[in-house]
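Novice: One structure, as structure tokens, below. Some questions next.
What follows is calculated from the coordinates using simple rules that are stated; it is not laboratory data. Every value quoted in this text rests on a predicted model; they were computed, and no experiment measured them. As a convention, Cβ positions derive from the backbone with ideal geometry for all residues, glycine included, and neighbour counts pool all protein chains shown.
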Amino acid sequence: MSERLPTHLAIGALLRRVNDSGGLAVIRARGEAQGGAVLILIAEGRAMRALERMRGLDDRDTLVPAGPAATEPMAMEDYWQNRHRRDPDLWVVELDVPHAERFVAETIL
């Protein structure tokens, strides 16, 4: 079984990397510090899309699309708030930076 960095440390590193590169990264909802699930909201112009960190059968983390396809911000807002109500351990982080998926993959996978 592979060791996973505690979620709060991985999220902190992601925020620092994105903000240091001139992008914007904010925590929309805090989850469980050690092992909470992670939902990443990526701003793409006037639309948003979401990725979720999931543990695969091979015991490795991967990013999978989540929620509605690239859509208006209000639809994504409803989606993540509903998810967080059902799973209070969920971390929700919004990124507005070019190549956001690369930052996520390099930092929290």
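Novice: Which count do you get for residues in region 90-101 that are part of a helix (DSSP H, G or I) and within 14 Å of Asn19 (Cα to Cα)?
Specialist: First pass over region 90-101, keeping only residues part of a helix (DSSP H, G or I): 100-101.
Filter again for within 14 Å of Asn19 (Cα to Cα), leaving 100.
Looking only at that region, the number is 1.
Novice: If you don't mind, there's one more thing I want to ask. When you scan region 43-65, do you find a residue that is β-branched (Val, Ile, Thr), within 22 Å of Glu3 (Cβ to Cβ) and surrounded by fewer than 15 Cβ atoms within 10 Å (Cβ to Cβ), even just one?
Specialist: Initially, region 43-65 is screened for residues β-branched (Val, Ile, Thr), giving 62, 64.
Applying the additional criterion that residues be within 22 Å of Glu3 (Cβ to Cβ) yields 62, 64.
Now drop any that are not surrounded by fewer than 15 Cβ atoms within 10 Å (Cβ to Cβ), which leaves 62, 64.
Within region 43-65, one or more residues are β-branched (Val, Ile, Thr), within 22 Å of Glu3 (Cβ to Cβ) and surrounded by fewer than 15 Cβ atoms within 10 Å (Cβ to Cβ).
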